[in-house]
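Worksheet for the structure shown next.
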Amino acid sequence: SIQDKNALHLYSVNGKYLGSETLKEEVSDMCVTGEYIVMGSLQGFLSIRDLYSLSLSISPLAMRLPIHCISVTKEYSHILVGLEDGKLIIVGVGKPAEV
């Protein structure tokens, strides 16, 4: 975050710059799972982005409170979201029939 501008930058393992995406929210936690980046913000949004293009995979989900931590289950079936007030939100991943 430089002068109220937030960005996500992507580099290869060799340090080659691959791209960037400007963010509207301030990221509080993120994790990389498979081909996706799962991010939580202090503004209360849960975002899922493609790892290679950095574009949003789905519209951000509003949690209404700042997100403090994010984790994805080993089977990639659920996202665990810890909120500022101590609540744990469990978000199912996949098609409704799979969730």
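Throughout, read-outs are computed from the coordinates displayed, never taken from laboratory work. The model shown is predicted, which means the values in this text are computed figures rather than measured ones. Every residue, glycine as well, gets a Cβ built from its backbone with ideal geometry; the counts of neighbours run over all protein chains shown.
Values for this structure:
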{"quantity": "Residues of the range 51-74 classified as within 21 Å of residue 19 (Cβ to Cβ) and under 10 Å from the mean Cα position of the chain (by Cα), total", "calculated": "2"}
{"quantity": "Residue match in the range 57-68 (condition: touching a residue at least 40 places away in the same chain (Cβ under 8 Å) and touching a strand residue (DSSP E or B) at 6+ places or on another chain (Cβ under 8 Å))", "calculated": "yes"}
